[in-house]
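No lab work stands behind these numbers, since they all come straight from the coordinates. Keep in mind that this is a model prediction, so the values were computed, not measured. Cβ placement follows ideal geometry from the backbone for every residue including glycine, while neighbour counts extend to all protein chains displayed.
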């Protein structure tokens, strides 16, 4: 009896096969460009270098650049059938380990940035001490060291292949990997960032009430400075809220994918339709993983007026340097020969 594949199954396979190259390439170009501009702005402009939140964002941008280059670069390389011979167990283990390490690092740097904003707006002196430059540098080092060690199981076992033939041997490991990634990489960061956003909003509301009370008691002195501070607080809160929303939107498909993998490990003899849907869903989840690193620069640019202002200054500085370099005229050596004194012997 011949088996005919349903048209929609064939359509999903065609969509995945023909769009992967273009979408991943677009993500790589825009993501690498955005991360490089993030690094230039956050590390090169004095206004950002002295802000602890921007230190976390700069560290996250550097790690996101590595994550995009490794993840999408490897994916594009392996989309070529001639490169399938690179898919050895050792390559799979190293690739899975590096991708998880860099993904966890930049997510927890963003978590630290969110907590830093909450600490800075708090009235508790102990919490405010967290928003110090030396504390930010130490926290980044701790995050890097912790996430180099914690996913070490990826180097020992091949967790990159969830559809192992020996499911009874690998089931505990795959359960652990799915739950570990789901909790440490999705649920905990998202929960902490949402909580910090609400607490920051609460602190800013209290700060605004105190500011209005001081104005009512002491008159309208330094109104311009207070307005500038209020606008800055609104920008910080808006950037934090938008960052949390976009992070949640991009992380939900990955959460669903890891939860589904953990729940369906013991299911065998899946139909072709189900396997096709699973592959297409995994493809969409893999795209969503790289969506936040790709959009981070454009997200900051659209949300923050100060970020746009510093970007314009950086562009003007680069253009001015190029113009000065082009206007430098080098005179030929021969033009000065006739003006040289002649030494007679």
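Between residue 153 and residue 14, what FRET efficiency comes out of the Förster formula 1/(1 + (r/R0)^6) with R0 = 30 Å and r the beta carbon distance, rounded to 0.05? Each step should come with its number before you reach the end.
Numbers: r = 36 Å, r/R0 = 1.21.
Result of the calculation: an efficiency of 0.25.
Shown for 39, 62, 152: other C-beta atoms within 10 Å of each C-beta, ranked fewest to most, produce the order 152, 39, 62.
Note the full-extension length gain between residue 252 and residue 126 as 0.36 nm times their separation in residues minus their Cα-Cα distance, in nm to one decimal. Computed gain between residue 252 and residue 126 is 42.0 nm.
Among 324, 174, what is the fewest-to-most ranking by other Cβ atoms within 10 Å? Numbers along the way, then the final one.
On the way: 324 9, 174 19.
Going from sparsest to densest Cβ surroundings: 324, 174.
Once you order the gyration tensor axes a ≥ b ≥ c over the Cα atoms, which shape class does the range 228-324 get: rounded for a/c under 1.5, otherwise prolate or oblate by comparing a/b with b/c? Judged from the Cα gyration tensor, the range 228-324 comes out oblate (a/c at least 1.5, b/c at or above a/b). Once you reduce the range 49-65 and the range 115-137 to the center of their Cα atoms, the two points are 16 Å from each other.
Sorting 132, 268 by the number of Cβ atoms found within 10 Å of their own Cβ, with the fewest placed first, yields 268, 132.
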